[in-house]
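Below is one structure, written out as C-alpha cells; the observations come after it.
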Amino acid sequence: MSVDKLIAHEKDVGGIPVARMLPNHGKRTIGAWCFLDHAGPAIFEGDSKGLQVGLHPHTNLQTFTWMLEGEVLHKDSLGNEQTIRPGQVNLMTAGTGENKGISHTEQSVEGCDRLHAVQLWIALPMDAAIEPSFHHYPTLPIWTEQGVTYTITTGQYAGRQADTLQYSRLLGVDVQVSTAQELQLEQQKGFEYGILVLRGRVKFAGEDYHPNELISLSNCERDNTTNTLCLIADADTHFMLIGGEPLPHPTVIWWNFIDRDHAGLRQSVEDWNNHDRRFGDIRLDGTLLERLIAPIL
Ligand code: MN
C-alpha cells in the first residue's frame, strides 16, 4: 500500500474560506473522486451574505455536497431548486459528452449565519452515455457503535447501503468519534482510499494527521491481507472516508470542466462563453441570470 499525506491549499470560494484537498500536486484522483473542498466551518459576520456562487457550468462530472452546518440553496438549469441541510447530500450530474452539460448556482439561505460542508466532484466514465440529472438525499444510513457515529453518504459499508446514484463503484462515509480509540475500517477490493480529517486527530501508520490533512492510500491490496484499515482516533475526532475504483481512463480538469483531453476542455470553455444550449440557463423573474465567465485554457 502507498501512503501519501496531502496538505490543503487555502482558497476562497464564493466568499467562504475553503481547504482544497484535491487536486493536490501529484495526486489528482481517489477512485473517481477528482475534487475535494472542505468549506468552513465559517460564521458569517457583519452584512456577509455567506456563500454566493454565481451561475457556472459543469461537464463530465457529478458535484456531491455533504452538508455539516448551515443551509444552502441549489438552483440548476434543469429547473431544480433544493435547499440542503445538515446530514443531507445533493448530487448533480452534468452528463457526458460534447453535447451535454449543466449549470447551477449555490447560495447560503437568507438569514443563515454559518457554513460547514464538504464538496466533492466525481469524474464520470466518459465511455458511458450519461444524462444530466439532480438528486437530493434527505436521509442516509446512520448508526452509532461504541462511541462512533457513521453516516454513509454514498456506496456500501458494514453491510449497509446508501441510495446515492453512482456511475462507478464509490464510497463516502462520515465518521464522528466521541471517545479515543483504535478503529478498523472496512476495505473493499480494488478500491483506493482517502481519509480527510475535519476535526481532532488521526494516527495512521505511525503518522499524525490533523484537520485539513488527507491520508491518500493507493495500491491497497499489495502486501495487505487484512481487508481493514487500522487507525487511531483522538476523542472528538471527525473525518471523512472516501474510496473507489480507479477511473478507467485519464481525465484533465480546467475551471469547472472535466474531460479526456485539452481539446474537450477548450470546446467547453467556448460553448459556455458563447451561451451554447448544452448548458441551459436559469431565469430569475423572467431575466437570464448573469454568468461567471470561463477562463481561456
Ligand atoms: Mn458547481
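The values are calculated or read from the model by the stated rules, or taken from the named source; none is laboratory data. Note that the structure is a prediction, hence the values are computed from the model and not measured. Don't worry about glycine lacking a Cβ; one is built from the backbone with ideal geometry, like all the others, and counts go over all protein chains shown. With ligands, DNA and RNA removed, areas are computed over all heavy atoms of the protein, side chains included. Shrake-Rupley method; radii C 1.70, N 1.55, O 1.52, S 1.80 Å.
Only one of (1) within 18 Å of the chain's Cα centre (by Cα); (2) open to solvent by less than 60 Å² (accessible area, probe 1.4 Å) fails for Gly15. Which number is that?
It fails just one condition, (1).
For the stretch 130-151, how many residues meet the condition of being of a type in the set (D, E, K, R) and either open to solvent by less than 30 Å² (accessible area, probe 1.4 Å) or in contact with a helix residue (DSSP H, G or I) (Cβ under 7 Å, 6 or more places away or on another chain) (or both)?
So the count comes out to 0.
Look at the stretch 114-124 and say how many of its residues are in a strand (DSSP E or B) and farther than 21 Å from Asp12 by Cβ. Reasoning before the result, please.
Restricting attention to the stretch 114-124, the residues satisfying the condition of being in a strand (DSSP E or B) are 114-123.
Now drop any that are not farther than 21 Å from Asp12 by Cβ, which leaves 122-123.
Of the residues in that region, 2 qualify.
List the number of the failed condition for Leu288; all other conditions in (1) surrounded by fewer than 16 Cβ atoms within 10 Å (Cβ to Cβ); (2) more than 29 Å from Ile7 (Cβ to Cβ); (3) within 16 Å of the ligand (Cβ to nearest atom) hold.
For Leu288, the failing item is (3).
For the stretch 11-30, enumerate the residues that are part of a strand (DSSP E or B) and modelled with pLDDT of 85 or more.
So the first thing to find is which residues in the stretch 11-30 are part of a strand (DSSP E or B), and the list is 11-13, 16-22, 24, 27, 30.
Listed by number, the residues that qualify are Lys11, Asp12, Val13, Ile16, Pro17, Val18, Ala19, Arg20, Met21, Leu22, Asn24, Ile30.
If you take the residues of the stretch 86-96 that are free of Cβ contacts under 8 Å to residues at least 40 places away in the same chain and more than 15 Å from the ligand (Cβ to nearest atom), which of them is most open to solvent (accessible area, probe 1.4 Å)?
Ranking the candidates gives Pro86 first.
Of all residues in the stretch 159-211, which are of a type in the set (Gly, Ala, Ser), over 14 Å from the mean Cα position of the chain (by Cα) and either buried (at least 19 other Cβ atoms within 10 Å of the Cβ) or closer than 20 Å to Cys34 by Cβ (or both)? It would help to see each step written out before you state the result.
First pass over the stretch 159-211, keeping only residues of a type in the set (Gly, Ala, Ser): 159, 162, 168, 172, 178, 180, 190, 194, 200, 205-206.
Okay, now just the ones that are also over 14 Å from the mean Cα position of the chain (by Cα), so 159, 162, 168, 178, 180, 190, 200, 205-206.
Passing the criteria: Ala162, Ser168, Gly190.
In the stretch 97-107, which residue that is in contact with a strand residue (DSSP E or B) (Cβ under 8 Å, 6 or more places away or on another chain) and open to solvent by 10 Å² or more (accessible area, probe 1.4 Å) is nearest to the ligand (Cβ to nearest atom)?
Filtering first and then ranking leaves Glu106.
Looking at Leu247, Leu229, which one is in a loop (DSSP other than H, G, I, E, B) and more than 16 Å from the ligand (Cβ to nearest atom)? Step through it out loud before you land on a result.
Working: Leu229 fails: in a loop (DSSP other than H, G, I, E, B).
Criteria check complete, one pass: Leu247.
Look at Asn24 and say whether it is surrounded by fewer than 21 Cβ atoms within 10 Å (Cβ to Cβ) and within 18 Å of Trp121 (Cβ to Cβ). Spell out the reasoning first.
Working: surrounded by fewer than 21 Cβ atoms within 10 Å (Cβ to Cβ): yes; within 18 Å of Trp121 (Cβ to Cβ): yes.
Yes: the conditions hold for Asn24.
Please identify the pairs in which a residue from the stretch 231-258 that is closer than 24 Å to Tyr150 by Cα has its Cβ atom under 7 Å from the Cβ atom of a residue that is within 16 Å of the ligand (Cβ to nearest atom), counting only partners at least 6 apart or on another chain.
Qualifying pairs under 7 Å: Met240/Val118; Ile242/Trp33; Gly244/Trp33.
Within the stretch 38-66, take every residue that is under 13 Å from the mean Cα position of the chain (by Cα) and near the ligand (Cβ under 10 Å from one of its atoms) and give me the one that is surrounded by the most Cβ atoms within 10 Å (Cβ to Cβ). Quick ask: steps written out before the conclusion?
As a first pass, look at the stretch 38-66 and keep what is under 13 Å from the mean Cα position of the chain (by Cα): 38-39, 61-66.
Then keep just the ones that are near the ligand (Cβ under 10 Å from one of its atoms); that gives 61, 63, 65.
On the way: Leu61: 26, Thr63: 22, Thr65: 21.
Going through the qualifying residues, I end up with Leu61.
Taking the condition of being crowded, with 19+ Cβ neighbours inside 10 Å and in contact with a Lys or Arg (Cβ under 9 Å, 6 or more places away or on another chain), how many residues in the stretch 108-129 meet it?
Final tally of qualifying residues: 2.
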